[in-house]
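Contents: one structure, followed by commentary.
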Amino acid sequence: MTRQHHRKGLQRAAFAAGAALTVVAVAGAAPGADAATASTPGKPQLKLIAASKSVILDRYEGSSGVYLDLGTYVTVDNAPLELKVTRKSYKDPVVAQQILRNGTKTTTKTLPAGTVKDFSGLPGFLEVSIKNAAGAEVRKTQGTFCPNNASGRLRPDAPATSHYPESCATNPFTLGSVWGVEKGWASNSSTVDYDNPVDLAPGEYTAKVSVAKKYRDLFGIPNDQPTIKVTVRQESSGGGEGGGVGLRSSTPSGGHDAHGGGHDMAGMEGMEGMPGMAGGHHYGPRGADAPTPSALAHALEARGLAHPGDGAGRTDGSRIAPALKAAAGRPTGRAGAPAGVPKPDLRSLPAWDIAVTDGEDGDAPGKDYLAFSANVWNAGPAPLVVDGFRKPGAERMDSYQYFYDAKGKQVGYAPAGTMEWDPRIGHEHWHFTDFASYRLLAADQHEIVKSGKEAFCLANTDAIDQTVKNANWHPNNTDLSTACGEQNSISVREVLDVGSGDTYTQYRPGQSFDITGLPNGTYYIQVIANPANRLQESDTKNNVSLRKVVLGGTQGARTVKVPPVDLVDAP
């Protein structure tokens, strides 16, 4: 099964190394060290700065442009910048509130209606004008600012780590997010048109960057307009849509596996075509289930490079903890969960990323398939923790769900089915069975037209609601980390943390629905969490979701129309 590849940012090579250097440059210069002067208590001071006077952007042969990582940052001092972004339901618009903290006093300030339209950040925050060597403007653009983007400390006395999440949500059915920058920190702001390369020919340019007036007025930001010399350099070796490395560094940055060591393929989607990378296997939305790196900041995303981490002369505030291994042995004693113990609440989201395909990787030629993405998330208040234990020589593991009290102490367990080893290339880890199933229903929403039961390794790929009770803003920084194991593993632990969900894209054989010969008309994609009720939850009434689809066309040229879910138009 295939995890959804959420960000095209993973198409850029070596970007993390460049991002790490920009953070160091900010920390070394320590701009804003004297900024906290004569300020309103509890009110953050924001300022736009450039970490360097010049950057180099590589344009690779065959690419359509470069990515504007200009090395600009928004510095925050005097108080943290914190925003709570929510929507009551999919019928309600997204609302953002600024949280102002002054000691023990907390106040909220609601941003004007319509300021925020989704959970990706503050739209139109950054304004960029690019002029060529002759002084003529060749590009003018705006960019969204995600406060959770790659960040670094401004000075030694700033908080050593950031407790805010590490990225802004991209799942279309996100319900709640928290954005923030610690006092004394700076957040990368120059991911302008990040998913769209800018068509600049090799040569010399000057970029002028500023914050849009509405945000300067809203947050009291000075009208600074740093200029950066931009050199676009042509690279002749591979890269496809790669390129766009700002403040290049020849020193590799140490990396961490995106899931604390549990997923060997993390961060390797789409690596075919990159210099030094083996091709031949299709990762990404239509490939094997290499997991989406969970909640990585944009400027830290790159193949094989996740967080630069904390080390000599640098910090990105991550301090990723190693995954907590499964218990040394099978649980003993009487199974059960004490009354009142916190339990997870698994919920399914409506399907999206729906398309008709001709299949791949061994599908029968001439057939039509309905592919889609699906997510099951945990609304808490407790994480879902499942351990698998293998008997010597056995092909499967026996699974147990664990329960913890409010202080994190294990207080119970219960049998929870099995785990099975998936030997296919790109999988090659232990799958937990009966976590979710998918059905294609007829127009009456009852008759099952097609059905599929799936098994996969759990991972916190998407932050769905960071405002629920006990939501973990750093699912990779907790001992309850996902680890999917190796073929010779004797035990594994798989976790779905509070506030996070696990997205899989159903494109491969046996996952997507074979609609060859199916009459045109209305159908529903049904996503069911915990279908066999082998997992204990606090609520099982929200485990099923439906998404309406309308099939048309003719065999070999089938079409699908996907109506919106209230205000969410995510085909």
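The values are calculated or read from the model by the stated rules, or taken from the named source; none is laboratory data. What you see is a predicted model; the values in this text were computed from it and never measured. Methodologically, a virtual Cβ is constructed for each residue, glycine included, from the backbone with ideal geometry; neighbour enumeration extends over all protein chains shown. These accessible areas exclude ligands, DNA and RNA; they are computed on the full protein's heavy atoms, side chains included. Shrake-Rupley method; radii C 1.70, N 1.55, O 1.52, S 1.80 Å.
Some observations on this one:
- Added length on full extension, which subtracts the Cα-Cα distance from 0.36 nm per residue, ALA133 to ALA335: 65.4 nm
- Potential lengthening between ASP444 and THR540 on full extension [0.36 nm per residue; Cα-Cα distance subtracted]: 32.3 nm
- Phi-derived couplings, Karplus 6.51 cos²θ - 1.76 cosθ + 1.60 at θ = phi - 60°, listed residue by residue for the stretch 132-147: 7, 4, 7, x, 8, 5, 10, 7, 9, 8, 10, x, 7, 10, 9, x Hz, with x used for Gly and Pro.
- Computed with a 1.4 Å probe over protein heavy atoms only, the accessible area of LEU70 comes to about 0 Å².
- Heavy-atom accessible area order for GLU182, GLU486, largest first, 1.4 Å probe: GLU486, GLU182
- Using Cβ point charges alone (K and R +1, D and E -1), the dipole size of the stretch 70-129 about the Cα centre works out to roughly 360 debye.
- THR467, THR227, reordered so the largest accessible area comes first (probe 1.4 Å): THR227, THR467
- Gyration tensor verdict on the stretch 57-188 (Cα atoms; rounded if a/c is under 1.5, prolate if a/b is larger than b/c, oblate otherwise): oblate
- Database remark: amide H of ALA436 closer than 5 angstrom to the amide H of GLU454, ASN530 (H placed geometrically; neighbours at sequence offset of 5 or more, or on other chains; Pro and chain starts carry no H).
- For the stretch 514-571, size of Cβ-based charge dipole, Lys and Arg +1, Asp and Glu -1, in debye: 160 debye
- A 1.4 Å probe, protein heavy atoms only, puts the accessible area of ILE448 near 80 Å².
- Note on SER210: accessible area is roughly 20 Å² with a 1.4 Å probe, heavy atoms of protein only.
- Once the C-beta distance of GLU235 and LYS88 is scaled by a Förster radius of 51 Å, the resulting FRET efficiency is 0.60 to the nearest 0.05.
- Sorted largest first by accessible area at a 1.4 angstrom probe radius, with every protein chain in place, the residues HIS163, HIS431 fall in the order HIS163, HIS431.
- Amide H contacts of LEU68 (H built 1.01 Å from N, in plane; Pro and chain starts excluded): VAL192, VAL198 sit under 5 Å, all sequence-distant by 5 or more or on other chains.
- Surface analysis of the stretch 49-189 yields an accessible area of 38 Å² per residue, using protein heavy atoms and a 1.4 Å probe.
- Phi-derived couplings, Karplus 6.51 cos²θ - 1.76 cosθ + 1.60 at θ = phi - 60°, listed residue by residue for the stretch 485-501: x, 10, 4, 8, 5, 9, 7, 9, 10, 10, 9, 10, 7, 5, x, 10, x Hz, with x used for Gly and Pro.
- Solvent-accessible heavy-atom area per residue, rounded to whole Å², over the stretch 331-421 at 1.4 Å: 41 Å²
- The 3J(HN,Hα) values that the Karplus relation (6.51, -1.76, 1.60; θ = phi - 60°) gives for the stretch 524-537 are, in residue order, 9, 8, 9, 10, 10, 8, 6, x, 8, 6, 7, 9, 8, 10 Hz. Gly and Pro appear as x.
- Among the listed pairs LYS140/LYS183; LYS84/LYS469; LYS84/LYS105, those beyond 21 Å (Cα-Cα): LYS140/LYS183
- Counting only lysines at least 8 places from LYS91 when in the same chain, those with an alpha carbon closer than 16 Å to its own are LYS117.
- Three-way shape label, the stretch 69-120, alpha-carbon gyration tensor, a/c 1.5: oblate
- A simple charge model with +1 on the Cβ of Lys and Arg, -1 on the Cβ of Asp and Glu and nothing else charged puts the dipole of the stretch 91-164 at about 120 debye relative to its Cα centre.
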